[in-house]
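Here the structure is laid out as structure tokens; the discussion comes afterwards.
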Amino acid sequence: MTTPPLASPLVWLPADHRLLGRYDMPFLLLGDKYARAVKVGAQAQPVLFPLAEAAQIGELLALVDGVLLTGSPSNVHPAHFDEDVHDPALPLDPARDALTLALVRACLAQAVPLLGICRGFQEINVALGGSLHQTVHAVPGLMDHRDPDEVPLEQQYGPRHPVWLAAGSALAQWAGGTQAMVNSLHGQGIGRLAQGLQPLAWAEDGLVEAFEVQGAAEFAYAVQWHPEWRCDENPFYAATFAAFGQAVRRRRERRQPHRRPT
């Protein structure tokens, strides 16, 4: 008699906190495109832990095989890198910050596969001691990386600019070369790169757009662009999620090893 096959690996996607509707009702939100990319691209099951708190990270990480830090309309609060808010009109999400910044450090300490996208990319940098440009387009020498307003999603998430990828890196392998076209939908970006992060991709203006955590025991990569957007239609994006999926399956095998036949 043998045990049944293991279920799909589980990937935790922390939710955004948003006030919606006429009466500013609190909502916990997850973008469909992120969950769908985990399901289709990584061949894993996305999961939410509503109202999870930093004190619960240890017990919740024991239940999952990977973590995806998603993009969001909100920005990381600049108090986390010792700056004041430059534009009060831009949305913030302090409840998400309180969870995800601690979650980054816990994932690295416990060898939990970690993929950061856009805000998630910025969260990893800040969690490890880096800083952000709050308005990239206002920094001399940097271009405007924001998506165009009032255009269809296909155009917002379409290719916007090339990135140069570090030769011999995992990203260059996924892209099939050292240059790739990516989308661009961010107003903030890397200011000071945290110690221990190895840059792997740069935009035309020199802005760091991807990195890996040096010495990480498991998959620990992050990108500023949005590979979750229709990832199955873009070979580079598909390869990114496939590699993440391989990592979460490795953890699943460690977390729930097969039992021998009886």
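Observations on the structure shown:
- Qualifying residues in region 203-262 (those that are among the polar types (S, T, N, Q) and more than 13 Å from the chain's Cα centre (by Cα)) - the one nearest to residue 184 (Cα to Cα): 234
- Within region 29-61, considering residues that are touching a residue at least 24 places away in the same chain (Cβ under 8 Å) and among the small types (Gly, Ala, Ser), the one surrounded by the fewest Cβ atoms within 10 Å (Cβ to Cβ): 58
- Only one of 86, 137, 145, 77 that is closer than 18 Å to residue 224 by Cα and either surrounded by fewer than 16 Cβ atoms within 10 Å (Cβ to Cβ) or out of contact with any helix residue (DSSP H, G or I) (no Cβ under 9 Å at 6 or more places or on another chain) (or both): 137
- For residue 121, the criteria (1) assigned to a helix (DSSP H, G or I); (2) among the aromatic types (Phe, Trp, Tyr); (3) in contact with a Pro (Cβ under 9 Å, 6 or more places away or on another chain) hold in every case but one, which is (3).
- Positions within region 30-50 being under 16 Å from residue 16 (Cβ atoms) and outside any helix (DSSP H, G or I), in sequence order: 30, 31, 46, 47, 48, 49, 50
- For region 230-238, the criterion of a residue being among the small types (Gly, Ala, Ser), surrounded by fewer than 18 Cβ atoms within 10 Å (Cβ to Cβ), touching a residue at least 12 places away in the same chain (Cβ under 8 Å) and under 19 Å from residue 113 (Cβ atoms) is satisfied by no position.
- Every condition in (1) over 13 Å from the mean Cα position of the chain (by Cα); (2) in a helix (DSSP H, G or I); (3) under 18 Å from residue 245 (Cα atoms) is met by residue 112 except one, and the failing one is (2).
Here is a yes/no grid of residues against (1) in contact (Cβ under 8 Å) with a residue 24 or more places away in the chain; (2) assigned to a helix (DSSP H, G or I); (3) closer than 17 Å to residue 186 by Cβ:
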site: 71; (1), (2), (3): yes, no, yes
site: 79; (1), (2), (3): no, yes, no
site: 86; (1), (2), (3): yes, no, yes
site: 98; (1), (2), (3): yes, yes, no
site: 103; (1), (2), (3): yes, yes, no
site: 106; (1), (2), (3): yes, yes, no
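- Taken residue by residue, region 169-178 has no member that is out of contact with any Leu (no Cβ under 8 Å at 6 or more places or on another chain) and free of Cβ contacts under 8 Å to residues at least 40 places away in the same chain.
A short reminder: the numbers here are calculations on the coordinates, not readings from a lab. Everything numeric in this text was worked out from a predicted model, so none of it was measured. Here Cβ is always computed from backbone atoms with ideal geometry, including for glycine, and neighbour counts include all displayed protein chains.
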